[in-house]
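Engineer: Right, I'll just put the structure down here and ask away after.
The values are calculated or read from the model by the stated rules, or taken from the named source; none is laboratory data. Because the structure is predicted, anything quoted here is derived from the model rather than measured. Cβ placement follows ideal geometry from the backbone for every residue including glycine, while neighbour counts extend to all protein chains displayed.
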Amino acid sequence: MRAQSQQQQKAAGAALSAKRGDSDPDDLQGASQNMYENMTEAELEEMASVPRKDLPKQSH
């Protein structure tokens, strides 16, 4: 699944960082926390890897 917005890509990156143990999962909020709990590392990596410049700031 590709990220649909810059916000979604950033949230996926934060969740991926926590999933890998690089940051504290307790610091996650909202969408990133939901992604951390419900997505695999591979799914998060795919979503976070989309170049941000190719995405709108927010999905509508």
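Engineer: Criterion first (modelled with pLDDT of 95 or more, surrounded by 11 or more Cβ atoms within 10 Å (Cβ to Cβ), under 9 Å from the mean Cα position of the chain (by Cα) and not acidic (D, E)) does M35 satisfy it?
Structural biologist: For M35, the condition - modelled with pLDDT of 95 or more, surrounded by 11 or more Cβ atoms within 10 Å (Cβ to Cβ), under 9 Å from the mean Cα position of the chain (by Cα) and not acidic (D, E) - is met.
Engineer: Return yes when K53 is charged (D, E, K, R) and surrounded by 17 or more Cβ atoms within 10 Å (Cβ to Cβ) and no when it is not. Steps first, answer last, please.
Structural biologist: Numbers: charged (D, E, K, R): yes; surrounded by 17 or more Cβ atoms within 10 Å (Cβ to Cβ): no.
Taking the combined requirement at face value, the residue does not satisfy it.
Engineer: Just one of the numbered conditions (1) surrounded by 11 or more Cβ atoms within 10 Å (Cβ to Cβ); (2) under 15 Å from S5 (Cα atoms); (3) among the polar types (S, T, N, Q) is not true of Q58; which one?
Structural biologist: Only one criterion is unmet by Q58, namely (1).
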